[in-house]
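The values are calculated or read from the model by the stated rules, or taken from the named source; none is laboratory data. All values reported here derive from a predicted model rather than from experimental measurement. Here the Cβ is made from the backbone with ideal geometry for all residues, glycine too, and neighbour counts use every protein chain on show.
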Amino acid sequence: MRIGYFVWEYPPRIVGGLGTYAANICPAILDLGHDISVFTMNDGTLKTREIVKGIDVNRPMLADGSNILPLFLTEDLRRWGTGINRVRGRKRKET
C-alpha cells in the first residue's frame, strides 16, 4: 500500500509528541512492507525532498499568501476570521 502521512513536525525538527510519534510509526509502517511518504513543514533550512531510511520525506516551502488571501474571502468569512483573532487574544476565565 502507498501511504501519505501528513504531520506538522518530523525529524530533525521535533517539538513534541506528534513528531516523536511520527518518527516511530513511519519506520514501523515501512517495515510492514508499505511505501510511505511524509509531508511536513519546512522552516526554510531543510531539504524540500529527501529519502531518509527508506521514507520519502517532503518538506515543501510554503508561500506567504496572507497578503492576497483577503482578495478571495467573502465578507462573512472576513468577519469570522477577525472574531477568532479577538477570542485568541483573550485570557481564559478561571472556573
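Collect the residues in the stretch 1-45 that are touching a His at 6+ places or on another chain (Cβ under 8 Å) and not in a loop (DSSP other than H, G, I, E, B), keeping them in residue-number order. Listed by number, the residues that qualify are R2, I3.
For the stretch 53-66, the count of residues that are more than 14 Å from the chain's Cα centre (by Cα), surrounded by 12 or more Cβ atoms within 10 Å (Cβ to Cβ) and at pLDDT 90 or above is at least one.
Quick one: is V87 modelled with pLDDT of 80 or more and hydrophobic (A, V, I, L, M, F, W, C)? Against the criterion (modelled with pLDDT of 80 or more and hydrophobic (A, V, I, L, M, F, W, C)), V87 does not qualify.
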